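Heads up: the structure comes next, in structure tokens.
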Amino acid sequence: MSALVRSPRFSAIALLTAAVLGLIVANSPLGPGLEHVLHVHAPWGAVGLDLSVSHWISDGLLAVFFLLVAIELKHELVAGELSNPKTAIIPAIAAVGGVLVPAGVYLAVTAGTPYGHGWPIPTATDIAFALGVLAMFGRGLPSTLRVFLLALAVLDDLIAIVIIAVVFAHDTDFLALAGAVVVLAAFWLLGKALRPGRSGQGWVIAGMVVLGLLTWWLVYHSGVHATIAGVALGLVLPRRPGHTLHGNVEPWSNAIVLPVFAFASAAVVVPAVGIGELSPTFWAVVLALPVGKVIGITLFGAVATRIFRAPGRSTLSFWSIVTVGVLGGIGFTVSLLMNELAFARNEEILDEGVLAVLVGSGIAIVASAVVVSLRARRYRARRELSEAEATE
């Protein structure tokens, strides 16, 4: 069961199912009740946390997801595909293109409107969803394509983390932020003291949990989005404990954290307006995700491949880069979070943004399924032909 929950296929299916279910429930007779539940405030005022259920999900629960992202990012930077600059440079440039072009498309469509600050929404790639679609439809594709997609998506997440930390910070409390850094240092020191098999490790782990929660609390009060605490904790956690934590928590993240966030984020009422009355934000996101992403990743990736091609090192073909670009248009989780941060004070545009992310990502999912299936079929046919020729 654990192996099933860890698989990219399960994560992708669970995310999509939860989002569709949230949209259906919100537009059913149960919708008002669900909206009420999501806006109920938990009584934590004594510790300075007056958050609704919806905010506990996006600020608290989603920090677990970003903790795992940071652990995976650290692994890739230290010992994975991103540890070698020569290997990392091409997906890094492609990732930059996958951010700049969608942002440019969004700004072009929303030019002259007050919605330009939503440009980060289509810049994100949902790593879990993209890998899930690749796993479902990409049987027979070379492993280099998955490695390139993973490296690009991880770098894309890094850019998204920076955007969240910088663009969406508000009324920054530098004293609380400094306190978070001090507590984070203490967390790091305790992490260095972890020794598997030794006695007394339970107290060390308990102390790290307390310091982790305190870091999250301080980051929340600093004005920086609280999910950044998860990122910071994941990056300073030593590799071996981080690997263990990732293995233990990933099934819970795939089965609970991400589906609950997708359900709550997608629980919006479809606007009762004609297509022509939808805001520029809707059209900008719908266009930027499936189109801007594939253009940006393909253009920058192809140029980088040509510039940094090295003898004896395998590189992806142009059409393989296109395949990765189409997969990169699946924004979903992080795009939904970006939308919530960008339009938190404009409920009508917020709802249209959610629908746009779902529609744009949906188009990218369908396009990805088709493109990946065709590429996989071609590779399988080529391999079968090669095997037949070798036996003659």
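Values quoted throughout were computed directly from the atomic coordinates according to the rules given, and no laboratory measurement underlies them. The model shown is predicted, which means the values in this text are computed figures rather than measured ones. Glycine gets a Cβ as well: all are built from the backbone with ideal geometry, and neighbour counts include every protein chain shown.
A few notes on this one:
- All aspartates and glutamates inside 19 Å of residue 192 as judged from Cα atoms, apart from same-chain residues fewer than 8 positions distant: 72
- Distance in nm between pseudo-label sites at residue 278 and residue 213 (7 Å out along the Cβ direction from Cα): 4.3
- The fewest-to-most ranking of 216, 188, 44 by surrounding Cβ atoms within 10 Å reads 44, 188, 216.
- Area projected by the alpha carbon convex hull of the stretch 60-151, averaged over all directions, nm²: 8.0
- Label positions at residue 248 and residue 260, each projected 7 Å from the Cα along the C-beta direction, are separated by 1.8 nm.
- Summary of packing: across the peptides 127-133, 255-261, 78-84, the per-residue average of other C-beta atoms within 10 Å ranks them, highest first, as 127-133, 255-261, 78-84.
- Protection proxy ranking, peptides 95-104, 370-379, average beta carbon neighbours within 10 Å, highest first: 95-104, 370-379
- Its Kirkwood hydrodynamic radius, worked out from the mean inverse distance over all distinct Cα pairs, puts the stretch 58-111 at 13.4 Å.
- For residue 270 and residue 381, the difference between the fully extended length at 0.36 nm per residue and the C-alpha to C-alpha distance is 35.6 nm.
- Using alpha carbons only: equivalent-ellipsoid semi-axes of the stretch 1-147, gyration tensor based, whole Å: 32, 23, 19
- Approximating the spin labels as points 7 Å out from Cα along Cα→Cβ, the residue 176-to-residue 344 distance works out to 1.0 nm.
- Here the Debye sum runs over all C-alpha atoms of the stretch 209-255 as equal scatterers in vacuum, and log10 of I(q)/I(0) at q = 0.32 Å⁻¹ comes out as -1.10.
- The orientation-averaged projection of the convex hull spanning the C-alpha atoms of the stretch 227-309 amounts to 9.7 square nanometres.
- Going from the residue with the fewest nearby Cβ atoms within 10 Å to the one with the most, 164, 57, 228 rank 57, 164, 228.
- Proxy reagent accessibility, fewest Cβ within 10 Å first, across 125, 323: 323, 125
- Of every Cα-Cα pair in the chain, the percent that sits beyond 41 Å: 14
- Note: the stretch 166-260, Cα convex hull, 105 Å³ per residue.
- Computed from the C-alpha gyration tensor, the three semi-axes of the ellipsoid equivalent to the stretch 232-388 are 33, 25, 17 Å, from longest to shortest.
- The stretch 77-83 - phi-based ³J(HN,Hα) in whole Hz, Karplus 6.51/-1.76/1.60, Gly and Pro as x: 6, 8, 10, x, 5, 8, 6
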